[in-house]
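The values are calculated or read from the model by the stated rules, or taken from the named source; none is laboratory data. The structure displayed is predicted, hence computed values, not measured ones. All Cβ positions, even for glycine, are placed from backbone atoms using ideal geometry, and neighbour counts span all protein chains on display.
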Amino acid sequence: MNKLGRVMDEAIKRNSNEPEFLQAVKEVLESLEPVAEKYPEYIEAGIFDRIIEPERQIIFRVPWVNDQGKVIVNRGFRVQFNSAIGPYKGGLRFHPSVNVGIIKFLGFEQIFKNSLTGLPLGGGKGGSDFDPKGKSDGEVMRFCQSFMFELSRHIGENTDIPAGDIGVGGREIGYMFGMYKKMRNEFTGVLTGKGLNFGGSLARTEATGYGLCYFMDEAMTSIKGKSFKDSTVVISGSGNVAIYATQKAQELGGKVVALSDSTGYIYDEDGIKLETVRQIKEVERKRISEYVKYHKNAQYIEGCSGIWSIKCDIALPCATQNELDEKAAKILVENGCFAVGEGANMPSTPEAVEIFLENDVVFGPGKAANAGGVATSGLEMSQNSMRYSWTFEEVDAKLKQIMIDIYKNASTAASEFGFDNNLVIGANIAGFMKVAQAMKAQGVAY
């Protein structure tokens, strides 16, 4: 970095114990060097300094009582990063790995992701180090109610609208929404990802996985003249994003042969049977290893990293940050993989991304490729405001067009600055420009 080197140095000085956040900031600032050269007024206005510093960071305790009557104390977080173009919007993650650095990295990415959707949404993120796995419904409910008791002070339909993320699905959103409604005595669209009978949107559950495939299909067709049709696909993860990415990839003519969870991965040469995965993960809430009990020709392998050694045309990492490293990227390229789309937030390490770009792999960065979830959350907010619901087909059509537009905007921005087909740089620039213009127009208050 040249003009923005000082900004990065200051970020390192202030956030030295937050590696994921610094990784995200470094990638964005490196992409924005040509913007700093072309628009020095953004340096003078301190836009780059301000955009990497959250407007507000909230940390709070979450006490709750387990089924044995023992008091447990978890930690809750909400980072309200940037509201220049709209109210804060971003998910809540319940996972033992959650800390303020993780939430800051996710919130920072959310600024650009939300900007790319074209909807008036600012960036934020939140969560807790609570682990819902193995907990009873009663325990999850008591935790969610305690969590919302404090979070409710800081959110609102025109201020901050959380959604779900890892560990936060329809069950958790329902419990939190019920608590918010009781405390505030109002029925508003303060959370997205709600149940269909209390303000949720059709296609919201499918949106991130579907949107990933819509984005990648457009990118692959435009850049290489290829598509999912007759392609072999490997997808990491087996949660919401992975399941619906599998469904849409199969609908578009691809053969998905592998899925994973935190313990290992399954390989089914004949193609993943999605109904089995959904039964195991969504109904029984068990490990992906159960799959081989139903399909004897499939294999289960302990450990997650080996999934990228499976020969494929398209790889969709949909599990967690930094799951796909340089070694895995080299294996994918050697095996003929021509496209990688990030369904998770920053699942590829910087070294892996470099390998993909150097080898002309169509690479869809998470802030663009997995923006379908927040885009449909924005559509849910619109429906809540209108007291109206669109059909599944209407929402899906709007989602598809948003993802196509995100690709086109990222591609156009990349080309404008001399980086044809580099969607990492293109997405960062396209997302940044809209927010930067709003920040400059609103003065130093933002």
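Structure above, values below:
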read-out: Within the stretch 95-111, tally of residues that are within 17 Å of Gly378 (Cα to Cα), of a type outside the set (D, E, K, R) and in contact (Cβ under 8 Å) with a residue 60 or more places away in the chain; value: 2
read-out: Conditions (1) more than 25 Å from Ile404 (Cβ to Cβ); (2) part of a helix (DSSP H, G or I): number failed by Met220; value: (1)
read-out: Single residue of Asn421, Asn409 found to be of a type outside the set (Asp, Glu), under 18 Å from Lys367 (Cα atoms) and outside any helix (DSSP H, G or I); value: Asn421
read-out: Matching residues in the stretch 420-437 - criterion: being free of Cβ contacts under 8 Å to residues at least 60 places away in the same chain and not small (Gly, Ala, Ser); value: Asp420, Gln437
read-out: Yes/no for Met403 being within 16 Å of Lys38 (Cα to Cα), among the hydrophobic types (A, V, I, L, M, F, W, C) and either more than 22 Å from the chain's Cα centre (by Cα) or in a helix (DSSP H, G or I) (or both); value: no
read-out: Count of residues meeting criterion [under 19 Å from Asn240 (Cβ atoms), among the hydroxyl-bearing types (Ser, Thr, Tyr) and modelled with pLDDT of 95 or more] in the stretch 180-207; value: 2
read-out: Pairs with Cβ under 9 Å, 6+ apart, first in the stretch 112-133 and in the same structural domain as Asn66 (by TED's automatic domain parsing) and more than 26 Å from Val424 (Cβ to Cβ), second of a type in the set (Ser, Thr, Tyr) and in a loop (DSSP other than H, G, I, E, B); value: Asp129/Ser97
read-out: Filtered residues of the stretch 19-64 (kept if exposed (fewer than 15 other Cβ atoms within 10 Å of the Cβ), in a helix (DSSP H, G or I) and either in contact with a Pro (Cβ under 7 Å, 6 or more places away or on another chain) or not charged (D, E, K, R) (or both)); value: Pro19, Pro40
read-out: Test: residue in the stretch 138-151 that is modelled with pLDDT of 95 or more and assigned to a loop (DSSP other than H, G, I, E, B); value: no
read-out: Cβ pairs under 9 Å, 6+ apart, first in the stretch 226-255 and assigned by TED's automatic domain parsing to the domain that holds Asp165 and within 14 Å of Val340 (Cβ to Cβ), second in a loop (DSSP other than H, G, I, E, B) and of a type in the set (Asp, Glu); value: none
read-out: Of the criteria (1) in a loop (DSSP other than H, G, I, E, B); (2) farther than 18 Å from Val283 by Cα; (3) under 19 Å from the mean Cα position of the chain (by Cα), which one Thr205 fails; value: (2)
read-out: Filter pass, Lys13 being at pLDDT 95 or above, among the basic types (Lys, Arg), within 26 Å of Asn422 (Cα to Cα) and in a helix (DSSP H, G or I); value: no
read-out: Near pairs, Cβ below 9 angstrom, 6+ apart or cross-chain, from the stretch 34-47 (within 15 Å of Gly418 (Cβ to Cβ)) to any residue that is surrounded by 18 or more Cβ atoms within 10 Å (Cβ to Cβ) and not hydrophobic (A, V, I, L, M, F, W, C); value: Val35/Tyr42; Val35/Asn428; Ala36/Tyr42
read-out: Residue match in the stretch 128-136 (condition: acidic (Asp, Glu), at pLDDT 95 or above and more than 30 Å from Ala410 (Cα to Cα)); value: yes
read-out: Selection status of Gly211, surrounded by fewer than 20 Cβ atoms within 10 Å (Cβ to Cβ) and within 21 Å of Arg93 (Cα to Cα); value: no
read-out: Residue count for the stretch 121-140, restricted to those that are surrounded by 16 or more Cβ atoms within 10 Å (Cβ to Cβ) and touching a Gly at 6+ places or on another chain (Cβ under 9 Å); value: 11
read-out: Any hit, the stretch 393-404, residues being in contact (Cβ under 8 Å) with a residue 40 or more places away in the chain, more than 28 Å from Leu92 (Cβ to Cβ) and not assigned by TED's automatic domain parsing to the domain that holds Cys312; value: yes
read-out: Val333 being among the β-branched types (Val, Ile, Thr), within 22 Å of Thr232 (Cβ to Cβ), in contact with a helix residue (DSSP H, G or I) (Cβ under 9 Å, 6 or more places away or on another chain) and not assigned by TED's automatic domain parsing to the domain that holds Gly86; value: yes
read-out: Test result for Ile52, hydrophobic (A, V, I, L, M, F, W, C), out of contact with any Ser or Thr (no Cβ under 7 Å at 6 or more places or on another chain) and free of Cβ contacts under 8 Å to residues at least 40 places away in the same chain; value: no
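Listed here are the residues, each with its yes/no results for (1) without any contact (Cβ under 8 Å) to a residue 60 or more places away in the chain; (2) crowded, with 21+ Cβ neighbours inside 10 Å; (3) of a type outside the set (A, V, I, L, M, F, W, C); (4) in contact with a Lys or Arg (Cβ under 7 Å, 6 or more places away or on another chain).
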site	(1), (2), (3), (4)
Asp217	yes, yes, yes, no
Met220	no, yes, no, yes
Ile223	no, no, no, no
Leu274	yes, no, no, no
Val277	yes, yes, no, no
